[in-house]
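Notes follow once the structure below has been shown.
The values are calculated or read from the model by the stated rules, or taken from the named source; none is laboratory data. None of the values given here were measured: they were computed from a predicted structure. Please note: Cβ atoms are built from the backbone with ideal geometry, for glycine as well, and neighbour counts cover all protein chains shown. The protein model used for the area step is the full one, side chains on, heavy atoms only, and it has no ligands, DNA or RNA in it. Shrake-Rupley method; radii C 1.70, N 1.55, O 1.52, S 1.80 Å.
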Amino acid sequence: MITGQFTYFAPTTIEEAIQLLDEHGFEAKILAGGQSLIPAMRFRLSQPGVIIDINGIDGLSGIREEDGNLVIGALTRESMLEGSHLVQSRYPLLADAATVIADPVVRNMATVGGNIAHADPANDHPAVMLAYNAEVTAVGPNGARTIAIDDFFVDFFENAMEDNEILTEIRIPTPASNSGGAYIKLERKVGDYAISAVAVQLTMNGDTCIAARIALTNVNPVPMRAENAERALVGMTVTDDVIETVGEEAGAECDPSPDLRGSIDYKRDITRVLTKRAINLAIERAH
Amino acid sequence: MSKHTVTMTVNGTKYTREIESRLLLVHFIREDLELTGTHIGCDTTNCGACTVLMDGFTVKSCTVFAMTANGKSIETIEGVAQNGALHPLQEGFWEKHGLQCGYCTPGMIMSAKHLLSNNPNPTEDEIRWGLSGNLCRCTGYNKIVEAVQYAAEKMSAEQEQDA
């Protein structure tokens, strides 16, 4: 299988890339790691007339802490997260996700920015970034703007960026002390999308949960926060009964589709179980 | 349709070709350079038969446009043996029966090479994890793990001897 025909550009600056996007609009697609886009093009699910390959633009890749945020360049490869001491030591939720995205070979090409911008509810970073309350930077002809992650995923495979904007970086607020996070994914095999996966980031004060964000992968048409579940957790002295209720809320509020990975009821129940496990692990890490 | 000039180094030799923008790296390697050791398996980014090294990192060459490899250095299975002598990994697959049909083997060896370059003495779990992007439908993987262990031991021993 080969892709449809397209005109190829390999800009070396962001400005040049934005100009190309501005010129070609909806016809153009940004090529980052290509690990979702190229398969989609080969199956002819996507037939862009113009490809703007941003792999040759310097400065879009890297992981650093700055002004109370972990800043991840959009072109950062997933395998760089696995190899980052900073991520491994201080951002366990992100570190968990980095080892279960696709497979080790795909992770050498796949990018963090691409995983988010693609806005696929089956991708892993959307839930992770929702749980972290991250922000993304989008740059267009009129300069840069910040988009809160809660506003970013607007529909099925649709994000809040304009056709002439490029996602350049993701910022994760450095967690407060006594915070912990976890990402737990159930997959049929390495490389498959999640049957369900749950991202939890919370802050504890003794046995009381004082802040929590919970987000779900591949059990809703749009990447989602489990807000009922969050409400059942925040402010509570955390007991097994509380965690059970939180899990039940998450299972109830998602909207999974039945497919080869399971029925609706199965996916709801798995979401309940994974939510409980992720909360327990996040609390363990918070102490 | 757009035509472009691409230049890349493959197994130490620099090649320049005129190609169509949609040409995939695996087709460039197999058809333009006639290096058919790199296989096309699933064609869907799953199986890893097409795995090659790009600037030292494994990639699935069926899911990279050749143009993205412009200016980069590629290593394929044909570049693994040096001066007519098998690489310890190739020897390991031979000695430990790490293949039956052999279709996945070039990709397996490239992934194993990448694994050992980052982690010269991997545990069994680390080997299985490191090769989890490559599928084999014959061996049940045990013999592949043994082949990689054989290579790791041999390479460590050689390095000690050099030192």
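Applying the condition of being of a type in the set (Phe, Trp, Tyr) and within 12 Å of chain B (Cβ to nearest Cβ) to the range A:3-56 and asking which residue is nearest to residue A:123 (Cα to Cα) yields A:43. Of the residues making up the range B:118-134, those that are more than 9 Å from chain A (Cβ to nearest Cβ) and either farther than 24 Å from residue B:63 by Cα or open to solvent by 50 Å² or more (accessible area, probe 1.4 Å) (or both) are B:119, B:120, B:121, B:122, B:123, B:124, B:125, B:126, B:128. On the stretch given as the range A:251-285, residues that are hydrophobic (A, V, I, L, M, F, W, C), in a loop (DSSP other than H, G, I, E, B) and buried (at least 20 other Cβ atoms within 10 Å of the Cβ) total 1.
Take the residues of the range B:1-44 that are at pLDDT below 95 and among the hydroxyl-bearing types (Ser, Thr, Tyr): which is farthest from residue B:133 (Cα to Cα)? Across the range B:1-44, the extreme among qualifying residues is B:2. Within the set A:146, A:203, the sole residue that is surrounded by fewer than 24 Cβ atoms within 10 Å (Cβ to Cβ), touching a Ser or Thr at 6+ places or on another chain (Cβ under 8 Å) and under 21 Å from residue A:228 (Cβ atoms) turns out to be A:203. Of all the numbered requirements in (1) closer than 24 Å to residue B:19 by Cβ; (2) in contact (Cβ under 8 Å) with a residue 60 or more places away in the chain, residue A:6 misses one, and that requirement is (2). Checking each residue in the range A:84-110 for being touching a strand residue (DSSP E or B) at 6+ places or on another chain (Cβ under 7 Å) and not in a helix (DSSP H, G or I) picks out A:84, A:91, A:100, A:108, A:109, A:110.
Taking the range A:157-193 as the range and being outside any strand (DSSP E or B), within 14 Å of another protein chain (Cβ to nearest Cβ) and either on the phi > 0 side of the Ramachandran plot or of a type in the set (D, E, K, R) (or both) as the test, the residues that pass are A:188, A:189, A:191, A:192.
Within the range B:82-117, which residues are open to solvent by less than 40 Å² (accessible area, probe 1.4 Å) and either assigned to a loop (DSSP other than H, G, I, E, B) or polar (S, T, N, Q) (or both)? Residues satisfying the conditions are B:87, B:90, B:98, B:102, B:104, B:105, B:111. I need the strands (runs of 3 or more DSSP E) fully contained in the range B:1-72, keeping only those with at least 2 residues that are in contact (Cβ under 8 Å) with a residue 40 or more places away in the chain, at the interface with chain A (Cβ under 10 Å from one of its Cβ atoms) and crowded, with 17+ Cβ neighbours inside 10 Å. It comes to B:51-54, B:57-60.
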